Structure formats: C-alpha cells, structure tokens
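Sending over a structure as structure tokens; questions will come in a sec.
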Amino acid sequence: MSKLSRTQKLAILADAAKYDASCASSGSTKRNSRKTGGIGSTGGMGICHSYAPDGRCISLLKILLTNYCMFDCLYCVNRSSSNVRRAAFTVQDVVDLTLDFYKRNYIEGLFLSSGIIRSPDYTMEQLVEVARRLRKVHRFGGYIHLKTIPEADSELLKEAGRYADRLSINIELPDDKSIARLAPEKSGTLIRKTMAGLGKRIGEAKAERKTSRKAPVFSPGGHSTQMIIGADPSDDGKILTTSSGLYGRYGLKRVYYSAFSPIPDASGGLPLKSPPLLREHRLYQADWLLRFYGFSVADIMTGANHGHLDLTIDPKLAWALQNRDKFPVNVNLADKESLLRVPGLGTTGVGKILRARRFSALRLQDLERICQSVKKILPFVVATDWHPGKQLDSLNLYDRLKPPAEQLNLFAV
Amino acid sequence: MRNMQPLTDTHRIVLESETDIQGWRDQARAMIQRGTEPGQLVWSVRNRAGMGELDFGEVTHQQARPANRPSSEIRIDRAFLQLINTALLHKNEDRFALAYRLLFRMQKTPKLYRNPADADVRKLQSYEKSVRRDIHKMHAFVRFRKVGTRGNREQFIAWFEPEHHIVEAVGPFFRNRFTGMDWIIASPDASIAWDGENLISGAGGCKQDFAQEDVIEEEWRSYYRNIFNPARLKTQAMKSEMPMKYWHNLPEAELIPSLVRQSGSQVQKMLDRETDISALTGQAVEEGHWTPDSLSELNKEMAVRTADYGDNFSVQAVLGEGRADCGIVVVGEQPGDQEDRRGRPFIGPAGELLDRALGDAAIDRKHLYLTNAVKRFKYVQHGKRRIHQTPSPADIKYYRWWLEQETKLIKPRIILALGATAVRALTGRSLSISRTRGAILPLAANRHLLVTVHPSYILRIPDAAGQDIEYDKLVRDLRKAAAFAATPDINGIMAEQWLKCLAFDL
Ligand code: SF4
C-alpha cells in the first residue's frame with residue numbers, strides 16, 4: 001500500500017468520525033495562554049467556528065486516530081468486516097494537525113476517537129499520548145475531548161482525565177440485548193461499570209478542587225455518551241428510561257442522540273433509510289425536560305402513543321394536552337415547578353415571571369413583553385386581566401396548537 | 001456644579017476616532033455638568049468623510065478635554081456603563097447622540113436605562129446586541145493565514161470585515177488565545193496586532209493586499225468536506241448561524257454549493273423541488289439555437305423578438321448602454337416612465353440618485369455598462385399617468401436569457417445587482433437582499449455578483465436619516481464593486497506588500 005499523505009488520512013478519518021453527534025466545546029474550566037505563552041484558551045462557552053451544510057456546528061477537529069478496528073459492531077462503518085478505506089494517523093500527526101488548525105482559528109480544540117487496534121489498552125495509550133503531548137509539550141490550552149475505550153485499563157482512563165476537558169464513552173444502544181446482538185465484542189455491563197468509575201472520579205476531583213486549588217483536575221467538563229436512534233427496535237420510552245438512568249446514576253453531562261444514518265457499506269442487518277431526524281429532535285426536547293424541567297420519563301410518556309413521542313407537537317405540549325386538569329396556571333401565584341410545566345414557557349421565561357411579579361401583578365401586556373410568543377401560552381395561563389375560559393376543554397385544541405404544516409423549504413434565505 | 005456656563009447655541013463635538021469612547025465619556029460628563037441639552041450638541045468624529053452637512057456650529061472644547069478628569073458628581077451604574085461601552089462601538093453615527101440623550105435624561109430618572117419600554121433604551125440595547133453578535137462572529141470567523149516566522153515565533157495575518165467598530169475590542173480575546181504567535185487582524189477601518197508583548201492598534205488595510213493562500217487551507221477544506229453528513233442536509237440552519245455575508249472570508253465556504261448538490265439522493269429529491277443554491281452558478285434557459293455575435297446584434301434582435309410579450313408593457317425596449325470593457329455591469333429592475341419615453345436606462349429619479357451615488361463613489365458613469373433585468377416598462381394606466389408595476393417572476397424569467405447573453409458578451413468581472421428583481425434575473429433565485437448585501441458572491445465563468453439595493457428603494461424611505469444611511473451603504477457597495485473590478489487578480493499580491501501599507505511592523 002502506498003503511503004497516504006496527511007490530507008488523505010484526514011479525509012478518511014474525518015469521514016469516519018462524522019457519525020459522532022457530540023460537538024460541544026463548552027462547560028470546561030476557563031483557561032488562557034497568557035501565562036503559559038502557549039496557544040489556546042477556553043472561555044467556558046464554546047465557539048462554533050463554522051457550520052456544515054447539515055446545519056451542525058463545527059467547533060472541534062473531530063477525527064479518529066485510526067479507523068482500523070478489531071471489533072465488528074454492525075452499526076459502525078469502521079467495523080472489521082466493513083469495506084471502507086483505512087488509514088491511521090501517528091500521534092504526532094494528530095498533534096500537528098490540531099495545532100495547525102487551531103492557530104488559524106478554525107477550531108476550539110480536538111475531539112479524538114479511535115477504532116480499536118492491537119488491544120483496547122494500546123489504543124487508549126495512543127489517545128492519551130496525543131492529549132499529553134498537546135498539553136505538556138506544546139502548552140496547548142484549547143479544548144480536548146477524548147472518547148475512551150471502556151475495555152481499557154482504569155489507570156489509563158485516569159491519565160486521560162488529567163489532560164482532557166471531557167471524556168465520553170458511547171453506550172450506542174439503549175438496551176443490553178441490542179448491544180449483544182449488534183456489538184458482539186462489547187458488553188453493556190462493562191460500559192456502565194466504566195461510566196460509573198468515571199462519574200465517581202469526576203465527582204471526587206470536583207470536591208477536592210473546592211477545598212484546594214492545587215488539586216489535580218479530572219475531566220472538568222464532565223463526561224457524556226451517545227445513543228444511536230433507529231438502529232434497533234427500541235422505542236422512545238426505552239431510550240428515555242436508559243438516558244434518565246444514565247443521568248441519575250453516573251452523573252453524565254449529556255446524552256447525545258444520533259439518528260442512525262445510512263452508512264456506506266452498511267451491514268445487511270440494518271435499515272438503509274434516511275435518518276429519523278424529527279424523532280431525534282423530539283428526543284432532545286424530551287431529554288431537556290428530564291434535565292431542566294423536573295419531568296419524569298413517565299410524565300413525558302403520558303403524551304406519547306405506543307411508546308413513541310408525538311412527532312407533530314413537542315413533548316411538553318403533548319403532556320399538557322393529556323393533563324388539562326393541571327391548567328390553567330396562575331402566573332401571579334403558581335410555584336416555579338408548575339410554571340415550568342406551561343407549554344411555551346422556558347426556564348428563562350419562568351425566571352423573568354418570578355422576578356417581575358415581585359414588582360406588580362402581571363397583566364397580559366407584561367406577559368407579552370416577557371415571553372417570546374405569548375400566543376402559545378395563553379390557553380394555559382391566568383393573569384390579572386386574562387383567563388382562557390373554556391379553551392382548555394375544546395376538543396380541537398390539539399389541532400389549533402400544532403404547528404402549521406411546513407413546506408419543505410431548504411433554501412429560503 | 002462648576003462655574004461653567006450652559007451653552008446657548010448648537011455645538012459640535014469632535015471625537016478622535018470611531019472608538020473614542022473615553023473621549024465621549026469626558027465630553028458627555030462635561031456637557032452634563034453644564035446642563036447642556038442633547039439637542040444643542042452635534043457629535044462627530046475627526047476625519048469622518050462625507051458628513052459635510054453636519055459641520056455647522058463652531059468647533060468647541062478641543063481644549064476642554066481635561067488632562068485629569070474632574071471628579072464628577074455623576075454616578076452611573078456599572079451595568080449602564082457596560083451597555084454604553086458596547087453600544088458605542090455600533091456603526092450607526094447617531095450612537096453618540098443617542099447615548100448622551102439617555103445619559104441626560106437619566107439625570108432626572110436615574111434607573112431609566114432599566115426600562116425596556118423606553119424608546120432610547122431599546123435602541124441602545126439593540127445596538128449593544130448587534131455589537132455583541134458581531135464580536136462573537138468575529139471570534140468565530142477570523143481565519144489566520146501563516147506568512148512566515150520571526151525567530152521561533154510564527155507569524156499570522158487575517159482579514160475580516162466586521163459590521164461595527166469592534167477590531168480593538170476583540171484584541172484581548174485573540175491575545176489570550178494566541179499568545180504564543182505573532183498576528184495581525186486587519187479590517188477596512190482598523191487593525192490590531194500582537195507581537196508577544198503588546199497589542200498594537202493600527203490603520204485599516206485592503207483585502208487585495210492580503211495573503212491569499214496557506215497550504216493548511218486545503219486540509220481544512222478537506223476536513224470540512226468530510227465531516228459533513230450528506231444524509232442530514234439542513235442548509236437553512238447553517239445559514240442562520242453563518243450568514244452568507246461572512247462567506248467570502250471563509251476558505252471552506254466555497255465548497256458549500258457543491259456539497260449541497262452532491263448530497264444523497266433522498267435529499268436530491270427535495271432539492272429538485274426547490275431551486276437550489278447551485279442556481280447561483282447556473283444558467284438561464286436556452287432560447288432557441290441562436291448565439292448572438294455582438295451586443296448590437298443581440299439588442300437589435302431583442303427589440304424585435306420580445307415585442308409581443310405581455311400586455312402591460314410599453315412598446316419601446318430600453319437597451320443597455322455604456323462601455324462594455326470596464327468590468328462592471330449594473331443591472332436594475334426595468335425602465336420607468338421617463339426611461340421609456342427617452343429610450344435610455346437610469347435617467348428618471350432613481351437614475352439621478354444613482355448618478356449622485358456614483359459621483360460620491362468617484363465612479364464615472366461612462367465607465368459602466370447599465371442595463372435592466374426586464375427590458376420594457378411595465379405599467380397600468382391611471383388617467384393620464386402610467387403607474388409602475390413590479391415585474392412578475394414570469395416576466396423576469398422571460399427576459400433572463402437576454403440578460404444572460406448580454407453579460408456573456410460583455411464579460412464583466414463583477415455584476416452589481418440593484419434590488420430583488422435583478423438578483424432573481426441573475427441567479428434564478430430569490431435571495432434575501434439584507435443577508436447577501438455587500439458580499440461578493442461567485443457566479444459562473446469567473447464572474448462575481450454584488451447585491452445591493454435599488455436606488456428607488458432609497459427614495460421610498462420616509463425619513464431623511466434612514467435615506468442617508470442607505471445612501472451611504474449604496475456608495476460603499478459601488479466603491480467595493482469598482483475596487484473589485486480594478487484588481488484583476490487578487491491572488492498575485494504578496495503579504496509583505498500588504499504589511500507595508502499598515503502603520504506598524506510585525
Ligand atoms: S469498537 Fe467502535 S470503532 Fe470498532 S466497530 Fe465498534 S463502534 Fe466501530
């Protein structure tokens with residue numbers, strides 16, 4: 001085989017990484033290079049340096065160290081039985097590429113993942129070495145996210161956490177039976193065990209940093225995972241139950257949902273249709289309700305049918321329509337929890353209402369100034385000069401509130 | 001109060017530069033202490049061109065800028081100060097007066113700046129928001145190019161066109177991020193540089209003189225091409241976050257049309273229903289099998305062959321006019337009443353405004369080729385008057401082929417589209433004027449498109465201030481087109497040369 005240039009490798013190894021949904025570069029500690037004289041900073045809030053035509057932000061150099069893999073996960077382009085072109089970066093390739101891109105202000109940092117070569121430990125060592133060289137040799141202050149290999153030794157994970165802003169372990173599938181069927185070399189139990197270990201360390205490191213500023217950092221941006229949607233028959237209820245378990249038990253920062261994309265050289269056992277992007281979107285909305293609005297999976301699923309979220313309306317509205325007896329909510333009296341349940345009211349809106357009503361009782365006019373779209377919330381709230389009357393009992397409320405049929409208008413500028 | 005007399009007449013205050021916020025603060029403080037009414041002050045900036053009509057009033061208080069500022073009884077909240085500091089970087093020239101008016105009113109109502117229902121507050125806040133967004137986009141979309149090394153330090157330069165006066169303000173961010181290298185970021189009005197020890201503010205530059213290539217860009221484009229998942233095309237989301245006006249400084253943006261075109265067949269079906277972005281480089285429909293040899297032949301045929309099209313059109317076809325060899329074609333909408341009577345383009349009120357703008361942009365009308373998208377006057381008769389009718393998409397489509405032949409024969413380097421009809425005729429799409437305005441967009445055959453408003457749009461703006469703003473933008477766009485047409489190959493010019501035109505060295 002002739003030797004590939006760095007650009008050729010990049011083409012192959014970026015292509016192989018594009019199915020990873022994570023792109024965030026936020027939520028880590030603030031850093032800059034003024035003291036070190038190096039390159040790179042993180043401001044806590046990531047910056048999107050570009051956008052791809054798929055609408056996703058490009059903030060990190062997202063690549064694989066190599067797309068050779070000894071494993072054979074059916075949903076993955078890199079599985080050993082796949083026919084794709086293979087390439088491997090050296091550790092120094094990745095280091096140089098990251099710095100070259102960073103210095104031109106193309107990226108916020110690096111998101112590095114890898115197929116499994118030789119052994120899980122060997123692979124993990126290479127990933128860690130990239131991060132170590134960036135931080136120690138080049139005084140790189142940008143963002144680093146490493147995807148860890150669950151099967152690797154826990155000492156290696158520990159070292160990874162010293163250099164990385166965030167670590168992730170992809171669970172990929174919502175239930176262990178699917179994992180066993182589609183990713184025969186992996187084990188759900190092991191993945192969760194590794195997550196638990198990470199979560200524990202991150203928690204401990206945070207606590208130590210509180211008492212001593214000198215305590216070593218460990219993955220200050222937390223850890224995250226990804227689940228593929230639509231590669232196995234799990235319904236939305238199953239997916240959200242799994243997520244909620246992951247948030248609760250292992251303290252994950254984020255669960256990313258990635259609608260399964262048809263992949264080149266797909267295995268026969270998998271669907272080859274376009275990804276259910278709307279389903280993915282609804283799952284993100286539901287996930288949001290779990291994390292910031294005090295909803296339980298059971299709450300969310302009351303608005304679903306046959307275990308799937310309603311694709312026409314968002315899950316909060318779906319829940320409200322099933323629980324009309326909880327409305328209308330009085331914006332001048334209700335507690336925060338009830339306000340958060342009002343469709344169309346976000347956490348910011350609720351915060352503003354709570355602040356504003358300390359000054360005076362809120363009227364419709366005040367709500368108009370506070371909310372993005374007061375029309376959406378009107379059927380569900382009472383204000384000094386507003387009562388929705390019998391609107392809530394009306395049978396066609398669903399039809400009235402669902403978004404108007406949208407035209408496919410990809411190119412309207 | 002000090003023993004300063006309140007001013008009686010209108011006075012002009014001259015700030016040192018567009019970003020002289022300290023100057024504004026000193027002057028504002030002094031003026032507030034004298035009790036000067038906002039209406040008595042005219043704020044301007046030294047060397048700001050073209051604002052002659054505001055120059056009345058004696059220049060005052062140059063000396064009044066105190067070396068050590070008077071301890072003041074004016075206390076303002078930190079939050080308000082932040083609002084002002086940011087909002088004053090806005091490009092609109094009324095910002096200094098606006099901020100002063102608010103400050104003045106706050107002497108009576110101290111917390112006024114917190115009232116979101118107040119018109120002045122809202123305006124200032126909208127300025128602040130716009131500036132913040134611009135700063136954020138600048139953090140994201142600056143692209144450095146490597147130009148060399150000095151000792152063991154690498155040297156980079158970047159060209160960026162911010163909307164507001166933010167170049168100095170972003171300096172600390174880039175210093176903290178890129179401490180270990182030397183860099184310059186230049187814009188048309190100002191530049192900022194870092195040499196490892198100091199942030200240095202300097203004069204503006206010109207894009208033509210700026211390094212055009214960096215080997216890494218090819219790798220970056222390769223990354224961009226491959227990280228995109230064609231199964232999930234969502235160009236609208238992309239465009240709302242990365243507006244097209246930034247594209248011409250992003251090396252990866254040139255890939256977008258082809259990436260969109262090549263995305264999977266699922267998406268392709270949707271695409272077919274929509275006119276897609278590739279229409280920007282697409283061509284008009286073929287009209288028969290005839291290829292004109294010359295402009296005069298084309299025009300002669302056009303006058304005859306299009307005579308029967310449509311009921312509401314005048315009999316006369318108004319042909320394009322001007323020089324065909326200067327590189328700029330200006331395309332308007334359609335001839336108006338006067339154009340139709342006299343058989344020449346751009347001679348009515350809109351034409352007069354265009355002439356004035358060309359004059360202010362130092363462009364000789366004779367050096368342009370002026371034409372219209374639709375070649376006949378479309379109108380309805382109202383008594384004796386003929387009322388202008390906007391051409392329909394069908395009308396535009398009908399004349400597209402003729403316009404295309406016309407530009408093919410002229411081979412301009414840049415086509416200036418005045419308004420939506422012209423854009424549609426040139427691209428086959430309806431692009432938003434506000435979002436594409438001022439950017440130089442690629443068309444087929446190494447031609448370029450610059451979108452701006454039609455002069456008649458400016459004439460329709462009700463208030464004089466709004467007219468002035470739009471007029472200035474039109475002049476700016478005209479200058480930009482002329483500059484572009486005058487530099488046949490911007491790739492050839494070396495970075496060193498550009499560095500020379502700045503006021504400092506790396
Ligand atoms: S181990 Fe990872 S890279 Fe390898 S086949 Fe499975 S998912 Fe793909």
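The values are calculated or read from the model by the stated rules, or taken from the named source; none is laboratory data. Every value quoted in this text rests on a predicted model; they were computed, and no experiment measured them. Please note: Cβ atoms are built from the backbone with ideal geometry, for glycine as well, and neighbour counts cover all protein chains shown. Ligands, DNA and RNA are excluded from the accessible area calculation, which covers all protein heavy atoms including side chains. Shrake-Rupley method; radii C 1.70, N 1.55, O 1.52, S 1.80 Å.
Expressed as a rounded percentage, what relative contact order does chain A have, with Cα pairs under 8 Å and six or more residues apart?
Working: 694 pairs, mean separation 46.6, N = 413.
Reported relative contact order: 11 percent.
May I pose another question? Which three lengths, in whole Å and largest first, does segment B:102-248 cover when its Cα atoms are put on their principal axes?
60, 47, 27
How much of the accessible area of chain A, probe 1.4 Å, is carbon plus sulfur, in whole percent?
On the way: 9460 of 17980 Å².
Whole-percent figure for carbon plus sulfur exposure: 53.
Also: If amide H atoms are built 1.01 Å from N in the plane of the peptide, which residues on other chains or at least 5 residues away come under 5 Å of the amide H of A:SER50?
Correct list: A:ILE58.
Here is a further query. For segment A:291-406, what's the radius of gyration and Dmax over Cα atoms, in angstrom?
14.1, 46
Among A:ALA17, A:THR42, A:SER5, which residue has its Cα positioned farthest towards the positive end of the charge dipole of segment A:1-58, with +1 placed on the Cβ of Lys and Arg, -1 on the Cβ of Asp and Glu, and the dipole taken about the Cα centre?
Checking the options against the dipole of segment A:1-58, the answer is A:THR42.
Same structure, new question: Please check: in the Gaussian network model of chain A (C-alpha springs, under 10 Å), which one of A:ASP310, A:ASP335, A:ASP287 has the largest mean-square fluctuation.
A:ASP335
Moving to a separate point now. What list of ³J(HN,Hα) values in whole Hz, one per residue of segment A:6-23 in order, does the Karplus curve 6.51 cos²θ - 1.76 cosθ + 1.60 (θ = phi - 60°) give from phi, with Gly and Pro shown as x?
Karplus-based 3J(HN,Hα) across segment A:6-23 equals 4, 5, 5, 4, 4, 4, 5, 7, 7, 4, 6, 9, 6, 7, 7, 6, 5, 9 Hz.
Need the C-alpha centroid separation for segment A:209-247 versus segment A:293-354, integer Å.
So the separation of the two Cα centres works out to 24 Å.
At most 14 other Cβ atoms within 10 Å and a DSSP loop assignment: could you name the trypsin sites (Lys or Arg not before Pro) in segment B:92-129 that fit? Could you put the intermediate results ahead of the total?
Numbers: sites: B:ARG95, B:ARG101, B:ARG105, B:LYS108, B:LYS111, B:ARG114, B:ARG122, B:LYS123, B:LYS129; in loops: B:LYS108, B:LYS111.
Here the trypsin sites (Lys or Arg not before Pro) that fit, given the DSSP loop and packing criteria, are B:LYS108, B:LYS111.
Moving to a separate point now. What number, rounded to the nearest 500 deg cm²/dmol, is the helix-based mean residue ellipticity at 222 nm of the protein assembly as shown, given -39500 (n - 2.57) per DSSP H run of at least four residues and division by all its residues? Let's see the in-between values first.
On the way: 33 runs with 349 residues, N = 919.
So the calculated ellipticity at 222 nm is -11500 deg cm²/dmol.
Roughly how tilted is helix A:347-356, in degrees to the nearest 10 and between 0 and 90, from the longest Cα axis of chain A?
50
Between B:PHE144 and residues 5 or more places away or on another chain, which pairs have amide H atoms under 5 Å apart, with H built 1.01 Å from N, and which residues are they?
A:ASN105
Around A:LEU4, with a cut-off of 14 angstrom between Cβ atoms, what is the net charge of the other residues, counting Lys and Arg +1 and Asp and Glu -1? Spell out each step's value before the answer.
Working: positive: A:LYS3, A:ARG6, A:LYS9, A:ARG85, A:ARG86; negative: A:ASP15, A:ASP93, B:GLU219.
Around A:LEU4, the charge tally is +2.
Please build a GNM for chain A, connecting alpha carbons under 10 Å apart, and tell me which residue among A:ASN170, A:ASN305, A:ASN78 fluctuates the most.
It is A:ASN305.
Between A and B, buried accessible area summed over both sides at probe 1.4 Å, in Å² to the nearest 100?
On the way: alone 20730 and 26050 Å², together 41450 Å².
That pair hides around 5300 Å² of surface in total.
About the Cα centre of the protein assembly as shown, how large is the charge dipole given +1 on each Lys and Arg Cβ and -1 on each Asp and Glu Cβ? Please answer in debye to the nearest 20. Kindly include the intermediate steps, with their values, before the conclusion.
Details: 133 positive and 105 negative charges, 528 e Å.
Once rounded to the nearest 20, the dipole reads 2540 debye.
Per residue of segment A:145-153, what does 6.51 cos²θ - 1.76 cosθ + 1.60 with θ = phi - 60° give for ³J(HN,Hα)? Whole Hz please, x for Gly and Pro, Karplus curve as stated.
Result, rounded to whole Hz: 10, 10, 8, 8, 9, x, 6, 7, 4.
If you don't mind, there's one more thing I want to ask. How high is the relative contact order of segment A:21-77, given as a whole-number percent (alpha carbon pairs under 8 Å, six or more residues apart)? Walk me through the numbers before you get to the answer.
On the way: 54 pairs, mean separation 16.4, N = 57.
That works out to 29 percent.
Mind checking which of A:LEU112, A:GLY161, A:VAL137 is farthest towards the positive end of segment A:103-168's charge dipole, using Cβ charges of +1 (Lys, Arg) and -1 (Asp, Glu) about the Cα centre?
A:VAL137
Give me the lysines in straight-line cross-link reach of B:LYS473: C-alpha distance below 24 Å, same-chain residues under 8 apart excluded.
Of all the lysines, those that pass the test against B:LYS473 - Cα under 24 Å, at least 8 places apart if same chain - are B:LYS91, B:LYS123, B:LYS129, B:LYS137, B:LYS207, B:LYS239, B:LYS245, B:LYS366.
How would you classify the protein assembly as shown from its alpha-carbon gyration tensor, with a ≥ b ≥ c the square roots of the eigenvalues: rounded for a/c under 1.5, else prolate if a/b is greater than b/c, otherwise oblate?
Working: a/c = 1.43, a/b = 1.29, b/c = 1.11.
Rounded shape, in that the Cα axes give a/c under 1.5.
A further question on this structure: Which one of A:ASP366, A:ASP235, A:ASP20 has the biggest mean-square fluctuation once chain A is modelled by GNM with Cα springs under 10 Å?
A:ASP366
Quick one: 3J(HN,Hα) in Hz for segment A:64-74, Karplus 6.51/-1.76/1.60 with θ = phi - 60°, rounded, Gly and Pro as x.
9, 5, 8, 9, 5, 8, 7, 8, 9, 7, 4
Please figure out what share of the DSSP beta bridges in chain A is antiparallel and state it in percent, rounded to the nearest 5. Provide the component values of the computation, followed by the final result.
Numbers: 6 of 30 bridges.
Close to 20 percent.
Under the Kirkwood approximation for Rh and a Cα-based Rg, what ratio Rg/Rh is obtained for segment A:189-242?
Numbers: Rg = 15.7 Å, Rh = 13.5 Å.
Ratio of gyration radius to Kirkwood radius: 1.17.
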